[in-house]
1. Kindly indicate the residue of the stretch 139-164 that is among the charged types (D, E, K, R) and assigned to a helix (DSSP H, G or I) and also surrounded by the fewest Cβ atoms within 10 Å (Cβ to Cβ) among those meeting that condition.
2. Looking at Val104, Val148, Val120 in this structure, which one is touching a His at 6+ places or on another chain (Cβ under 8 Å) and in the same structural domain as Val78 (by TED's automatic domain parsing)?
3. Working only within the stretch 60-84, note down all residues that are at pLDDT 95 or above and in a strand (DSSP E or B).
4. Taking only the stretch 90-113 into account, find how many residues are assigned to a loop (DSSP other than H, G, I, E, B) and in contact with a helix residue (DSSP H, G or I) (Cβ under 7 Å, 6 or more places away or on another chain).
5. Please verify whether the stretch 114-126 includes one or more residues that are charged (D, E, K, R), buried (at least 17 other Cβ atoms within 10 Å of the Cβ) and either in a strand (DSSP E or B) or at pLDDT 95 or above (or both).
6. For Glu87, only one of the following conditions fails: (1) of a type in the set (D, E, K, R); (2) crowded, with 16+ Cβ neighbours inside 10 Å; (3) out of contact with any Ser or Thr (no Cβ under 6 Å at 6 or more places or on another chain). What is its number?
Amino acid sequence: MRYKDTAKELIILLGLAVIAAFTVNFLSPKGIALVGQWDESQGVITPRAKDDVVDDDLEIDDVKIAKRIYDSREAVFVDVRSRENYEEGHIKSAVSLPVGQFDVVIDAFKARYSTASTIVTYCSGRTCDDSHKLAQLLFEQGYTKVSVFIDGYPGWEAEGFPIE
């Protein structure tokens, strides 16, 4: 009989602990997302955290569409990876604007490209959300025509498209 009471108390205590944990997670600005997008075929993978920058509406999810935009010469392709990765290989004529050095290089970028420019950001493929982060930073700087090529440099290179 005593074991039943102890078991009940443990179940109640465990239930209260779980409820408290979910409540704290929900209220925390850095809480762990309980759902996410983990299928690369659907776009950039993301846990969909509360501060997530991935905006599916900005995505160019077909490398052939990205190539048509590139061929039109109406957009500036921006490589958001580190300078070292850019130097190892990048889409031909792409501009390097490492998201980690945004504050240092944005003034030079803005001097060269007006906020009316069409921008296509890219990084290391669908497991990288840095291109989305840079897109948001560019929006904050007044750029309005920004897209994200989600297959990035690896997808471009795999198709045999122009690289440097």
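The values are calculated or read from the model by the stated rules, or taken from the named source; none is laboratory data. Predicted model, so just to flag it, every value in this text is computed and none were measured. All Cβ positions, glycine included, derive from the backbone under ideal geometry; neighbour counts span all protein chains shown.
1. Step by step, filter the stretch 139-164, then rank; the result is Glu140.
2. Val148
3. Once the filter is applied, which keeps residues that are at pLDDT 95 or above and in a strand (DSSP E or B), the stretch 60-84 yields Ala75, Val76, Phe77, Val78, Asp79.
4. The total comes to 3.
5. No, the stretch 114-126 contains no residue that is charged (D, E, K, R), buried (at least 17 other Cβ atoms within 10 Å of the Cβ) and either in a strand (DSSP E or B) or at pLDDT 95 or above (or both).
6. (2)
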